[in-house]
Amino acid sequence: MTGSTTGTPRIAILGGGIGGLAAAAFLHRAGLPSTVYEQATELKEVGAGLVVAPNAARLLRQLGVLDAFARRAVRLEVGWEFRRWQNGTVLSAENLAASCERLYGEHTYTAHRADLLNAIKSTVPESALRLGKRCVELISPTGCPVLRFDDGEVVEADVVIGADGIHSIIRNAIAGPTRATYSGICAFRALVPADRAPAFARRPAQSLWIGPDHHLVHYPVSAGEFVNLVAFAPAGDDSVESWSATATVEEFLAEFAGWDPRLLDLIRAGGTPGRWSLLDRAPLHRWSSGPVTILGDAAHPMFPFFAQGAAQAMEDAAVLARCLADQVGDPAGALQRYEALRIPRTSRIQELSHARSHVNHLPDGPEQEARDRAFSDADPLVANGWIYDYAPDIAAAHVSESP
């Protein structure tokens, strides 16, 4: 990896997930080439569904891929459809079809993670991707970052971006090894073929069934070919934090015994579910050290209860690219500006996402009844406007942010 004779910085990105590819895409858009090093031998997203809210849709439009993405996504007509666990009584629902574009200029979509990854990847030159490259060490004996890979290759860079996920070696190099806190919550996930899913789950709606110590979310993905199902329950002794771990259908059903029978039918239709535990990590106070920084889950892993993990990684990428383009001769200064812009916002979303589990999992009783009554007066689309109307280019024009 060699630098340009015109002074273009050599930018290395570790990780070819949504955040890493978004960084490469926005850097390319800004005229800054980069190289993405991904340890997998092919680019693919594990997991299943996600929500692409207006702040993320806006970034896809900037990259010129929103229309292509939308052909594989599902445009939501209803969101935050909260239902009671026992019988599916609707506690509240938001008419996204009527309000979302009017308020924020974009719609809200649900999609398979792979479809979002592929849309972003289409904007990154193939020559920028190096697969099968597992970084084992970040060293900088002379102040210039040096990456060592498990195949023996050593790469010098002027800027290193760690988009290498929750177990990031770049995060550890910057902040030191940090232990994750056991959350006590585990997640189940499954993809249900649409022809096996009940009609209520095939609607273009994001539904959240809430009950004591548990909640379950479903929505269609992949142009309606599947229904994404994700559920949260007490983890017990399980502490495996892995997208590839599995459970049995019987274990999944046991967690939701006594819930609305329609949900149990949906669980059965999904086949063998994935299962992983949510491990907690506190927000970091700094993301950068000299010309080395992190983004996405490496910087701010968050519970999925606000459906903003991918969106925040994309925002990171857009702001980081803008900062580096504005201060191309001072990468370390650009990264300091980037973290100053992003840390207050992502920390706030991290904290709100963590607190949401208590609200969703209240036991039946007076507090739960008060929560349910409050739902009828709530307007989450407006209340979360500070999330959805965020514009990275405007934010990057200031040295600080008040979300």
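The values are calculated or read from the model by the stated rules, or taken from the named source; none is laboratory data. Worth saying up front: this structure is predicted, and the values here are computed from it rather than measured. Neighbour counts are summed over all protein chains in view; Cβ atoms, including those assigned to glycine, are modelled from backbone coordinates with ideal geometry. Just the protein is used for accessible areas: all its heavy atoms, side chains included, with ligands, DNA and RNA removed. Shrake-Rupley method; radii C 1.70, N 1.55, O 1.52, S 1.80 Å.
Across all C-alpha atoms in region 11-80, the radius of gyration and Dmax reach 13.9, 41 Å. Taking all protein chains as they are arranged and a probe of 1.4 Å, the heavy atoms of Thr272 leave approximately 100 Å² accessible to solvent. Dipole check for region 79-192: with +1 at the C-beta of Lys and Arg, -1 at the C-beta of Asp and Glu, and the Cα centre as origin, the magnitude is about 500 Debye. Rolling a 1.4 Å probe across the protein heavy atoms gives region 1-136 an accessible surface of 41 Å² per residue. Of all the Cα-Cα pairs you can form in region 133-278, what percent are over 23 Å apart? I get 51 percent for the Cα pairs in region 133-278 exceeding 23 Å. Global dimensions of region 154-239 from alpha-carbon coordinates: Rg and Dmax equal 19.1, 55 Å. Once you treat every alpha carbon in region 86-219 as an equal point and sum by Debye, what is log10 I(q)/I(0) at q = 0.11 Å⁻¹? The calculated log intensity ratios at q = 0.11 Å⁻¹ are -0.76.
Normalising the average separation of contacting C-alpha pairs (under 8 angstrom, six or more residues apart) by the number of residues puts the relative contact order of the chain at 21 percent.
Taking the three principal axes of the alpha carbon atoms in region 84-129, the coordinate ranges are 53, 30, 10 Å, sorted in descending order.
The alpha-carbon atoms of region 116-155 define a convex hull whose volume equals 106 cubic angstrom per residue. Based on DSSP H segments of at least four residues, each scored -39500 (n - 2.57), the chain has a per-residue ellipticity at 222 nm of -10000 deg cm²/dmol.
With one equal scatterer per alpha carbon and no solvent term, the Debye-computed log10 I(q)/I(0) for the chain at 0.11 1/Å reads -0.79.
Per residue, region 269-314 exposes 28 Å² of accessible surface when a 1.4 Å probe is rolled over the protein heavy atoms with every protein chain present.
Sorted on the mean count of surrounding Cβ atoms within 10 Å across their residues, most packed first, peptides 171-180, 370-379 read 171-180, 370-379.
Could you run the Debye sum over the Cα atoms of region 41-121, one equal point scatterer each and no solvent, and tell me log10 of I(q)/I(0) at q = 0.11, 0.17 Å⁻¹, two decimals? Here the Debye-derived log intensity ratios amount to -0.35, -0.72. So how strong a dipole does the chain carry about its Cα centre when Lys and Arg Cβ are +1 and Asp and Glu Cβ are -1, to the nearest 20 debye? Dipole of the chain, to the nearest 20 debye: 520 debye. Surface composition of the chain: carbon plus sulfur atoms contribute 51% of the solvent-accessible area (1.4 Å probe, protein chains only, all chains present). If you take the Cα centroid of region 165-227 and the Cα centroid of region 322-349, the two points sit 29 Å apart. Normalised by 2.2 N^0.38 Å, where N is the number of residues, the alpha-carbon radius of gyration of region 257-403 equals 1.32.
Positive-end ranking of Ala383, Leu59, Pro193 along the dipole of the chain, with charges on Cβ about the Cα centre, is headed by Leu59. Rolling a 1.4 angstrom probe over the protein heavy atoms with all chains in place gives region 137-181 an accessible area of 49 Å² per residue.
Note on region 231-311: Cα-Cα pairs beyond 22 Å make up 43% of the total pair count.
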